[in-house]
1. Pick from Glu106, Glu69, Glu99, Glu27: which is open to solvent by 40 Å² or more (accessible area, probe 1.4 Å) and modelled with pLDDT under 95?
2. Scan the range 31-45 and give yes if some residue there is modelled with pLDDT of 95 or more and open to solvent by 60 Å² or more (accessible area, probe 1.4 Å), otherwise no.
3. Among the residues of the range 90-107, write down those that are assigned to a helix (DSSP H, G or I) and either over 14 Å from Ala41 (Cα atoms) or in contact with a strand residue (DSSP E or B) (Cβ under 8 Å, 6 or more places away or on another chain) (or both).
4. Going through the range 1-22 one residue at a time, which ones are closer than 19 Å to Phe84 by Cα and either modelled with pLDDT under 95 or surrounded by fewer than 17 Cβ atoms within 10 Å (Cβ to Cβ) (or both)?
5. Give just the number: which of (1) surrounded by fewer than 14 Cβ atoms within 10 Å (Cβ to Cβ); (2) at pLDDT 95 or above; (3) more than 27 Å from Lys4 (Cβ to Cβ) does Thr74 not satisfy?
6. Can you go through Glu69, Glu117, Glu123 and tell me which one is among the acidic types (Asp, Glu), out of contact with any Asp or Glu (no Cβ under 8 Å at 6 or more places or on another chain) and more than 20 Å from Lys23 (Cα to Cα)?
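The values are calculated or read from the model by the stated rules, or taken from the named source; none is laboratory data. Note that this is a predicted model, so its numbers are computed, not measured. Neighbour counts are summed over all protein chains in view; Cβ atoms, including those assigned to glycine, are modelled from backbone coordinates with ideal geometry. Areas reflect the complete protein model, heavy atoms only, side chains present, ligands, DNA and RNA absent. Shrake-Rupley method; radii C 1.70, N 1.55, O 1.52, S 1.80 Å.
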Amino acid sequence: MNEKKRIIEYWRKRARESLEDAKLLLENRRLHSAVNRIYYALFYQVSALLLGKGLSFAKHSGVLAAFNEEFVKTGRIDKELGKFYNRMFEHRKSGDYGELVEFEEEDVRRWLKTAEEFLDAVEKLMGDLK
């Protein structure tokens, strides 16, 4: 396996692990940390997808912008899933850096479910690009 493929597989694995971590954190009502892990699951999966196209970025905002440009605007991924990634980017930032930010357990449960759908959709897209 070449280096690029190894890195893609690494990010895909990290995405799934982060989602599993989010589940454990949610079960223990660690909502801020669960939101962080949900976001990172999306980020890692998108990073793998973009690397498959030969794209990589130093900033989270660059990954988000490239995903929107390459996959959401072109209709290759559902626009609602694109909006979800954007929202989770903002939730992660506010949860990590904002003051007096609180998340509702019901919302985090819903986001976790949507994150699973997101990872599956991006996984399918990676298969389609091969």
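1. Values: Glu106 fails: modelled with pLDDT under 95; Glu69 fails: modelled with pLDDT under 95; Glu27 fails: modelled with pLDDT under 95.
The unique qualifying residue is Glu99.
2. Our first condition is that a residue be modelled with pLDDT of 95 or more; within the range 31-45, this holds for 31-45.
Now drop any that are not open to solvent by 60 Å² or more (accessible area, probe 1.4 Å), which leaves 32.
Yes, because at least one residue in the range 31-45 is modelled with pLDDT of 95 or more and open to solvent by 60 Å² or more (accessible area, probe 1.4 Å).
3. Keep residues of the range 90-107 that are assigned to a helix (DSSP H, G or I), which gives 90-97, 105-107.
Those that are assigned to a helix (DSSP H, G or I) and either over 14 Å from Ala41 (Cα atoms) or in contact with a strand residue (DSSP E or B) (Cβ under 8 Å, 6 or more places away or on another chain) (or both): Glu90, Lys93, Ser94, Gly95, Asp96, Tyr97, Glu105, Glu106, Asp107.
4. Those that are closer than 19 Å to Phe84 by Cα and either modelled with pLDDT under 95 or surrounded by fewer than 17 Cβ atoms within 10 Å (Cβ to Cβ) (or both): Arg16, Glu20.
5. That leaves (3) as the condition not met.
6. Working: Glu117 fails: more than 20 Å from Lys23 (Cα to Cα); Glu123 fails: more than 20 Å from Lys23 (Cα to Cα).
Matching residue, one of Glu69, Glu117, Glu123: Glu69.
Okay, residues lined up against (1) free of Cβ contacts under 8 Å to residues at least 60 places away in the same chain; (2) within 23 Å of Lys13 (Cα to Cα); (3) among the polar types (S, T, N, Q):
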site: Gln45; (1), (2), (3): no, yes, yes
site: Gly52; (1), (2), (3): no, yes, no
site: His60; (1), (2), (3): yes, yes, no
site: Ala66; (1), (2), (3): yes, yes, no
site: Glu80; (1), (2), (3): yes, no, no
site: Tyr97; (1), (2), (3): yes, no, no
site: Leu119; (1), (2), (3): no, yes, no
site: Met126; (1), (2), (3): no, yes, no
